[in-house]
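The values are calculated or read from the model by the stated rules, or taken from the named source; none is laboratory data. Owing to the predicted nature of the structure, the values given are computational and were not obtained by experimental measurement. Here the Cβ positions follow ideal geometry from the backbone for every residue, glycine too, while neighbour counts run over all protein chains shown.
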Amino acid sequence: MMISLTYSVTVGLWLAGCAALFVLQAFRARRFLQLHEGPPLTWPLLTPVALIYILTAGWLMALLPVLPVSTIWRSAVLLVLALPMTLTDLRCQWLPMRYTVSFWAGGLLSAALPAAVMPWTASLIASLVAFVLAATVRGLANFRQQEERIGLGDVYLMAGLCAWLPWRSAVYAAAGGLLLCSLCALLTRKPSKPFAPALFGYLCGVCLFFPQQLAGVL
């Protein structure tokens, strides 16, 4: 009974901490939009993101006997750092550099810590190569276009993703995010859809439905 009570308290503290971090990141996103005269965050937008995030965070805690503690912590931190850019991109298709660079730096720091899947040097090289490749694709996609097709924020986001994940896993995640973008565009009949929320949704989906894939990746 004592073990059960201790576990319940631990889960409660974990969820409370995750909820507090969501509130903090949502406040940062809202503040950024206010300072730059962007549209405000609304409850219909915040609620589904919060529910998906809390559900994923709670499920990660339940996976403690299955996955290494370091994998669970890295997964949780990745999702927390992805929250503000997910909210701003979902609201008005903005990917502020302060959030994408923080996401990138978080991945590099994660690789420098003990029990990391990738060495720090491999994480740095992979992210720099991804940055160059994504910037090249952006240049080609936007060439002679009146409206920007791929933003600079997406370039930093891809670099950050390759800092967190091995390059094969990062490619799968990017492809999954693009597939979700395409599906949403097809359903809503709007050609332009934000990439960061789709990527966030894909990563949460992997945590919820295919958690075994996290082992050896994060």
**Request:** For T10, work out the one condition from (1) under 21 Å from the mean Cα position of the chain (by Cα); (2) part of a helix (DSSP H, G or I); (3) surrounded by 11 or more Cβ atoms within 10 Å (Cβ to Cβ) it doesn't fulfil.
**Result:** (1)
**Complete:** Every listed condition ((1) over 20 Å from A76 (Cβ atoms); (2) out of contact with any helix residue (DSSP H, G or I) (no Cβ under 8 Å at 6 or more places or on another chain); (3) part of a helix (DSSP H, G or I)) holds for A159 save (2)
**Request:** Tell me which residues, restricted to the range 113-156, are outside any loop (DSSP other than H, G, I, E, B) and exposed (fewer than 13 other Cβ atoms within 10 Å of the Cβ).
**Result:** T121, V132, T136, G139, L140, A141
**Item:** Unique residue being closer than 25 Å to G177 by Cβ, of a type in the set (V, I, T) and crowded, with 18+ Cβ neighbours inside 10 Å when the list is T42, T71, T47
**Value:** T71
**Some residue of the range 142-152 being within 13 Å of the chain's Cα centre (by Cα) and modelled with pLDDT under 95** = no
**Request:** Could you tell me which numbered condition A174 fails, if it satisfies all but one of (1) closer than 27 Å to C92 by Cα; (2) surrounded by 21 or more Cβ atoms within 10 Å (Cβ to Cβ); (3) in contact (Cβ under 8 Å) with a residue 40 or more places away in the chain; (4) not β-branched (V, I, T)?
**Result:** (3)
**Item:** Odd one out for L78, checked against (1) closer than 19 Å to L128 by Cα; (2) outside any helix (DSSP H, G or I)
**Value:** (2)
